[in-house]
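Worksheet for the structure shown next.
The values are calculated or read from the model by the stated rules, or taken from the named source; none is laboratory data. Bear in mind that the values here come from a model prediction, so they are computed numbers and not experimental data. Every residue, glycine among them, receives a Cβ derived from its backbone with ideal geometry; neighbour counts consider all protein chains shown. To get the accessible areas, we keep the full protein, side chains included, count just its heavy atoms, and leave off ligands, DNA and RNA. Shrake-Rupley method; radii C 1.70, N 1.55, O 1.52, S 1.80 Å.
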Amino acid sequence: DAGITQSPRYKITETGRQVTLMCHQTWSHSYMFWYRQDLGHGLRLIYYSAAADITDKGEVPDGYVVSRSKTENFPLTLESATRSQTSVYFCASSDQGFWTETQYFGPGTRLLVL
Amino acid sequence: QKEVEQNSGPLSVPEGAIASLNCTYSDRGSQSFFWYRQYSGKSPELIMSIYSNGDKEDGRFTAQLNKASQYVSLLIRDSQPSDSATYLCAVKGRGNEKLTFGTGTRLTIIP
């Protein structure tokens, strides 16, 4: 199906383990984003990418790594998971105009770090 | 001061009434403003965007923007139980590739 997908949808891991969250979009949107959503903080930007091989930090990048070798994929890696990284992670994509901005969100990945 | 502020609620509104959601932002250079709706356990979805001062209507939804006062609001007329959700205000600055989101207002429509 066309759209934006995330996998896995649910993940339980242990402190110190490496975890990779996958994001795939079929629209060929140039921009892709990773957010985390926590109670009291709303959506916070972790990393974003303007195109393949171009990534930049957002508001809360520490402890996360991203790559974008292909336009359609934007994986997020937690190099050594910590309990504070327990959260809901949303991937989004957009085909930005100068003024307009519609970000389309994936279904989210719920991550629990024990 | 947070860049985008919203009253977290919960805001309870009787069915059929008007729900009014407010958002203020700190960056006076902000150019684009968005309202996203998020149902519990789901991802955000865009319901309104507004770029110029004044009102913009789309069905039962009206977005209002006042750049001088740095606020944007969302009115929902004839509120329905299906409107019960968290509403996220998002702001994009001039030449900025990123959206900044408020923490959201939880709206409950009471049948």
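Brief remarks follow.
- Total charge dipole magnitude, the protein assembly as shown, about the Cα centre, Cβ charges on Lys, Arg, Asp, Glu only, Debye to nearest 20: 320 debye
- The range A:47-114, dipole about Cα centre (Lys/Arg Cβ +1, Asp/Glu Cβ -1), debye to the nearest 20: 260 debye
- Pair B:S82, B:Y39: separation of 7 Å Cα→Cβ label points (nm): 0.9 nm
- Partner lysines whose Cα lies under 21 Å from the Cα of A:K11, excluding those fewer than 8 positions away in the same chain, are identified as B:K42.
- Cα centroid separation, the range A:1-32 to the range A:51-114: 8 Å.
- Three principal axis lengths of chain B [C-alpha, angstrom, descending]: 42, 28, 22
- Charges were assigned to the Cβ only: +1 to each Lys and Arg, -1 to each Asp and Glu. The resulting dipole of chain B about its Cα centre is roughly 260 debye.
- Heavy-atom accessible surface of the protein assembly as shown, averaged per residue, reaches 48 Å², computed with a 1.4 Å probe.
- Burial here means at least 50 square angstrom less accessible surface with every protein chain in place than with the chain by itself, probed at 1.4 Å; in the range A:73-114 the buried residues are A:W99, A:E101, A:F105.
- On the protein assembly as shown, 47 percent of the accessible area sits on carbon and sulfur atoms, based on a 1.4 Å probe.
- Taking amide H as placed 1.01 Å from N in the peptide plane, the amide H of B:G9 sits under 5 Å from that of B:R106, each at least 5 places away or on another chain.
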